[in-house]
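The values are calculated or read from the model by the stated rules, or taken from the named source; none is laboratory data. This one's a predicted model, so the numbers in the text were calculated from it and none came from an experiment. Cβ: placed from backbone, ideal geometry, glycine included. Neighbour counts: every protein chain shown.
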Amino acid sequence: MVGILMVDKLLQGNDLAYMRNETEKAMPDLVDIQRKTLTSDKQGGFTEAWSNAYQQVAARIAGKGGGESNEAGRQDLQQDFMLTLVHDQSITQTDRVVHTSGTYEIQSVDAGKSWSATIRCQMRRL
């Protein structure tokens, strides 16, 4: 009896499609997702360059607190941000995001889940 009741509560395929569609409508920001390329400098090193892999991607950026860091002997206050993207947007932990409010490096990507409506990424402003 309990098993039968539980099946009735699960999402159906059309429920998930509806959630994904509505979630995309609630993305107020547009971002560019950049990927790094390395070019040989012909002296044993590499030059790093960033270029847009995706442009004008619907997203939501929200502040989520921050902390202090101590780099090169100086103490900085760093704010963390949460990036929300549609469920099938390609993004990796090595990418960075450009928005009118600044450039952000991806700290982690919470992806690869079944039945998801979004992808969430933790970011830090550069």
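Out of all the residues in the stretch 95-125, which are among the polar types (S, T, N, Q), within 12 Å of the chain's Cα centre (by Cα) and over 17 Å from Gln78 (Cα atoms)?
Thr118
How many residues are part of a loop (DSSP other than H, G, I, E, B) and either surrounded by fewer than 18 Cβ atoms within 10 Å (Cβ to Cβ) or not small (Gly, Ala, Ser) (or both) if we restrict to the stretch 96-116?
Total meeting the criteria: 7.
Return the residue satisfying two criteria in turn: it lies in the stretch 12-27 and is of a type in the set (Gly, Ala, Ser) and either free of Cβ contacts under 8 Å to residues at least 24 places away in the same chain or touching a helix residue (DSSP H, G or I) at 6+ places or on another chain (Cβ under 8 Å) (or both), and of such residues it is surrounded by the most Cβ atoms within 10 Å (Cβ to Cβ).
Within the stretch 12-27, the match that is surrounded by the most Cβ atoms within 10 Å (Cβ to Cβ) is Ala17.
Just checking, which of Gln107, Gln34, Gln56, Gln122 is on the phi > 0 side of the Ramachandran plot and at pLDDT 95 or above?
Gln56
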